[in-house]
Amino acid sequence: MMKSSVIVAGIYDKRTIQRLKEVGVDQLSFDFRAKSFNFLQQHIFMQLQQELQIQEKIYLHFENEADFVISKILDDLKLSRGSANTYLEFSDMNSDQFYDKFETPFLWHYNFESPFIDKIPNAKYLRGIIFKFSDLLKLHEDGVLLNFCNNFHSLYINCLKDENFKLILQLDWDSNLFASISEHFDFTDISLNISDKVEICYRNVDLSKVSGHIEYLRNIDL
């Protein structure tokens, strides 16, 4: 077990970035999904990314987006800060060829219905998998989590042997972790998405609440 690193997703303003930096969060995800409450326009993102240092990791989250849109954002970002510590993040059901075409490390949100599941070992640029806690909790409640875990580890053993490969648990701010989850997976990171549970009002983050949750979760052994 290990102390988990924290990724905060759905960032949309400078003040949140500044507070996260103060509490030592160095991984931030920006949401370019058109239907998301945290959707970020590219010109706003380009302003926000200037607040981050090269060593801080940036994740660009897309879902069913055209390849030329993704390429444009990547190219503009590279002109501003280079390509170091920049990752794509996908929560759709495209092919490994689509994901790899950007020649950029990427994370994938695990989807039980996606044909990409069988292609995971073939994806050259895949650097991590994100599991929703709610999905794993449902498997746990149905009594099939251990079987799923065994199958997952046998299928993707080569990925998981890579010490730089991320296995990320996406939590809600009020998720109630069950004790045995750490027996099934060696998570490297916890991901938290800005939502109304940590907002004073729409797009107005309660910075004290966010800081408190992060400090608590950072000390959980996973």
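Within region 106-124, being over 15 Å from the mean Cα position of the chain (by Cα), more than 18 Å from residue 157 (Cβ to Cβ) and assigned to a loop (DSSP other than H, G, I, E, B) holds for 112, 113, 114.
Could you give me the residue pairs with C-beta distances under 6 Å whose first residue belongs to region 170-195 and is under 20 Å from residue 19 (Cα atoms), whose second residue is open to solvent by 30 Å² or more (accessible area, probe 1.4 Å) and not in a strand (DSSP E or B) wherever it lies, and which are 6+ apart or on separate chains? Pairs found: 173/197; 173/213. Given 21, 72, 35, which one is farther than 19 Å from residue 193 by Cβ and either open to solvent by 50 Å² or more (accessible area, probe 1.4 Å) or within 17 Å of the chain's Cα centre (by Cα) (or both)? Just one listed residue meets the conditions, 72. When restricted to residues that are within 25 Å of residue 99 (Cα to Cα) and in a loop (DSSP other than H, G, I, E, B), region 20-41 contains 11. The residues listed here are 49, 55; of these, the one that is open to solvent by 80 Å² or more (accessible area, probe 1.4 Å) and either touching a residue at least 12 places away in the same chain (Cβ under 8 Å) or part of a strand (DSSP E or B) (or both) is 55. Could you go through region 152-167 and let me know if any residue there is farther than 24 Å from residue 102 by Cα, touching a strand residue (DSSP E or B) at 6+ places or on another chain (Cβ under 7 Å), assigned to a helix (DSSP H, G or I) and of a type in the set (Phe, Trp, Tyr). The answer is no; no qualifying residue exists. Counting the residues of region 148-183 that are farther than 19 Å from residue 108 by Cβ, of a type outside the set (A, V, I, L, M, F, W, C) and either modelled with pLDDT of 90 or more or open to solvent by less than 60 Å² (accessible area, probe 1.4 Å) (or both) gives 6. Residues in region 184-199 that are touching a Cys at 6+ places or on another chain (Cβ under 9 Å) and open to solvent by 20 Å² or more (accessible area, probe 1.4 Å): 1 in all. Of all the residues in region 204-222, those that are in contact (Cβ under 8 Å) with a residue 40 or more places away in the chain and either surrounded by 12 or more Cβ atoms within 10 Å (Cβ to Cβ) or part of a helix (DSSP H, G or I) (or both) number 11.
Quick grid of which residues meet (1) part of a loop (DSSP other than H, G, I, E, B); (2) among the small types (Gly, Ala, Ser):
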{"residue": "43", "(1), (2)": "no, no"}
{"residue": "59", "(1), (2)": "no, no"}
{"residue": "75", "(1), (2)": "no, no"}
{"residue": "84", "(1), (2)": "yes, yes"}
{"residue": "88", "(1), (2)": "no, no"}
{"residue": "103", "(1), (2)": "yes, no"}
{"residue": "131", "(1), (2)": "no, no"}
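Could you tell me whether residue 17 is in a helix (DSSP H, G or I) and farther than 22 Å from residue 128 by Cα? Judged against the criteria, residue 17 is a match. Restricting to region 1-14, and then to whatever is open to solvent by 30 Å² or more (accessible area, probe 1.4 Å) and either of a type in the set (Val, Ile, Thr) or not in a loop (DSSP other than H, G, I, E, B) (or both), can you tell me which residue is nearest to residue 81 (Cα to Cα)? Among residues in region 1-14 that are open to solvent by 30 Å² or more (accessible area, probe 1.4 Å) and either of a type in the set (Val, Ile, Thr) or not in a loop (DSSP other than H, G, I, E, B) (or both), the one nearest to residue 81 (Cα to Cα) is 14. For region 100-140, the set of residues classified as among the aromatic types (Phe, Trp, Tyr), open to solvent by 70 Å² or more (accessible area, probe 1.4 Å) and touching a Leu at 6+ places or on another chain (Cβ under 8 Å) is empty.
The values are calculated or read from the model by the stated rules, or taken from the named source; none is laboratory data. All values derive from a computational prediction rather than experimental measurement. Cβ: placed from backbone, ideal geometry, glycine included. Neighbour counts: every protein chain shown. Surface areas here come from the heavy atoms of the whole protein model, side chains and all, with no ligands, DNA or RNA. Shrake-Rupley method; radii C 1.70, N 1.55, O 1.52, S 1.80 Å.
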